[in-house]
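In what follows, a single structure is set out as structure tokens and then discussed.
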Amino acid sequence: MRPVDRSVLVVIPALNEEESVADVVRDVCGAIPHARVLVIDDGSRDRTGERARAAGAEVLTLPFNLGVGGAMRAGYRYARDHGHDTVVQVDGDGQHDPRAIHELLAGLDGADLMIGARFAGVGDYGARGPRRWAMRLLAGVMSGVARTRLTDVTSGFKAAGPRAVALFADNFPAEYLGDTIEALVIAARAGLVIRQVPVAMRERQAGTPSHNPLKAAAYLIRACAALGLAMMRPRAVVEDTP
Ligand SMILES: Nc1nc2c(ncn2[C@@H]2O[C@H](COP(=O)(O)OP(=O)(O)O)[C@@H](O)[C@H]2O)c(=O)[nH]1
Ligand SMILES: [Mg+2]
């Protein structure tokens, strides 16, 4: 399917991103004009929603903070209910270059889920210390689960085709870290094809990251627990879309 033939919903989960979200929305609209852009404003205490709307996005305002997983589940449901067969997840802090969306969409011709992978040799984005080791370990384990080589399983830059949209509208995990590891496990176990494409990652344009070095050490343990729990869930069944 050519990218313009897809009905694409770009979902931007955002928490307190008033300084960057408008630029992200404008860049996404410029890069992929035929897409609809939905910002999920997840209980922000700043003007994230207002800025996003002024820049041309639709905004779903959640009454209280659900986390990235809960926000993405809302996004996938919105896609299904409004007839979008393809969802692209983009961060609201400007780290993801919207020009790479085309490569993600092109990859959906041979896959159900495309990951924009940061450590695959493009750009100079680097996590350090325990966070990087955790990411590497998880990438190794997840490559086995997904039966393909994956180098960055915690990337928030992803494109989901029709089968993944149908699956995630009902099964997107809302737990901590669920939007990354657990979502991939659910997809792989449902028989979906997962692939990655290398992307350059930019620095956050403004605001503060939701991670900090102290939390990094806890990341590995939590992520492994998330992986273990995801493996214990019953397999989800995806109905083939016509
Ligand atoms: N909807 C929602 N978005 C969030 C939440 N926490 C972070 N985000 C957004 O998720 C994206 C990635 O978060 P970020 O802190 O940059 O994570 P990092 O890039 O992995 O360091 C950004 O667009 C954030 O605004 C949350 O609780 N809910
Ligand atoms: Mg970020």
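The values are calculated or read from the model by the stated rules, or taken from the named source; none is laboratory data. Quantities reported herein were computed from a predicted structural model and do not represent experimental measurements. When we count neighbours, we look across all protein chains shown, and the Cβ atoms used for this are built from the backbone with ideal geometry, even at glycine.
Quick notes on this one:
- Residue pairs meeting the criteria (Cβ under 6 Å; at least 6 apart or on separate chains; first over 29 Å from residue 107 (Cα atoms) and more than 9 Å from ligand 2 (Cβ to nearest atom), in the range 198-212; second of a type in the set (Asp, Glu) and at pLDDT 80 or above): 206/19
- Elements of the type strands (runs of 3 or more DSSP E) sitting completely within the range 1-107 and holding at least 1 residues that are without any contact (Cβ under 8 Å) to a residue 60 or more places away in the chain and within 26 Å of residue 239 (Cα to Cα): these cover 36-42.
- Some residue of the range 187-197 being at pLDDT below 95 and surrounded by fewer than 16 Cβ atoms within 10 Å (Cβ to Cβ): no
- Among the residues of the range 137-155, those identified as surrounded by fewer than 19 Cβ atoms within 10 Å (Cβ to Cβ) and not in a helix (DSSP H, G or I) are 147, 148, 149.
- Some residue of the range 162-177 being within 16 Å of ligand 2 (Cβ to nearest atom) and at pLDDT below 95: yes
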